[in-house]
Amino acid sequence: MSKKQKLKKETKTKKGNIPQKKAVAQVVLPVSTELEQKVQVSPDEPPRLKKKYQEEIVPYLMKELQLKNINQVPRLVKIVINCAVKEAVRNPKVLENVFQEIKAIAGQCPVLTRAQRAVAAFGVRVGNALGICVTLRRARMYEFLDRFIHVVLPSVRDFHGLKLKSFDGKGNYSVGVQEQGIFPEVNDEKIDQIRGMTISIVTNAKNNEHGKALLTQFGMPFQK
């Protein structure tokens, strides 16, 4: 047998011994559910309140507040939804339902808030999960505020407007919600217990007057 024939056989055996890559099974995620389709924000079209802010609110506030630079106009920074659950100290599984409810309300995956200090009187240890929190920015922030003003607040029974005392002195506003059932995203049949939450609207306003002027133009129904 010649040397060329030996080399051909060796190359064939080497190629045959190379292990072939196994086909990896790809996990196909399901199409967004009905809830995610309702909350999903289109990247092509800006939210309605954002478009209103750019076209109507900015020129109005510059004239009303006598601002010379457009960068001085107050704007929204973020919206924080926080729900504290005291029952989670004894039964952490309660947070599973709260997690799903806040996720449905915000349209975004929330996070667990944990205790930073131990409180022996309440049996709280450092690191215990005590609530659910989610921070909304950009498009989802405007979409949530639009639903909250024009859908949620009008459905509240005996609603007479939001109190002006809830401003913190720096243009930020916080409002407490007594029950999660006022949000249309929450299924009433799956509510195991009535729980409240705090919604904090953070702005870059210098004072309460500028913050109130901004939120009033968005449609926040304050008490007169």
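Read the figures in this text as sums done on the coordinates, not as results from a lab. From a predicted model like this one, the values you see are computed outputs, not experimental measurements. Note that we place each Cβ from the backbone using ideal geometry, even for glycine, and neighbour counts take in every protein chain shown.
So if I take the centroid of the Cα atoms in region 70-91 and the same for region 188-224, what is the distance between those two points in Å?
After rounding, the separation between the Cα centres reads 10 Å.
Please work out the Cα center distance from region 44-58 to region 129-160, rounded to the nearest Å.
That distance is 18 Å.
Can you tell me the relative contact order of region 88-224? Whole percent, Cα pairs under 8 Å, sequence separation 6 or more.
Relative contact order, region 88-224: 22 percent.
Would you mind classifying region 106-187 by shape? Square roots of the alpha carbon gyration tensor eigenvalues, ordered a ≥ b ≥ c; an a/c under 1.5 is rounded, otherwise it is prolate if a/b is larger than b/c and oblate if not. Show your work: numbers first, answer last.
Numbers: a/c = 1.83, a/b = 1.63, b/c = 1.12.
Since a/c reaches 1.5 and a/b is larger than b/c, the shape of region 106-187 is classed as prolate.
Under a crude label model (7 Å from the Cα following the beta-carbon direction), how far is residue 96 from residue 164 in nanometres?
Spacing of the two 7 Å Cα→Cβ label points: 4.8 nm.
What per residue convex hull volume, in Å³, comes out for region 151-198 when only alpha-carbon positions are used?
On the way: hull volume 4.5 nm³, N = 48.
Taking only Cα atoms, region 151-198 has a hull volume of 93 Å³ per residue.
In nm, give the distance between the simple-model label positions of residue 55 and residue 150, each being 7 Å from the Cα along the Cα-to-Cβ direction.
Result: 1.2 nm between the two label points.
Filter the cross-link list 50/86; 52/206; 51/163; 165/190 down to pairs whose alpha-carbon distance in this structure exceeds 25 Å.
Over 25 Å apart, Cα to Cα: 50/86; 51/163; 165/190.
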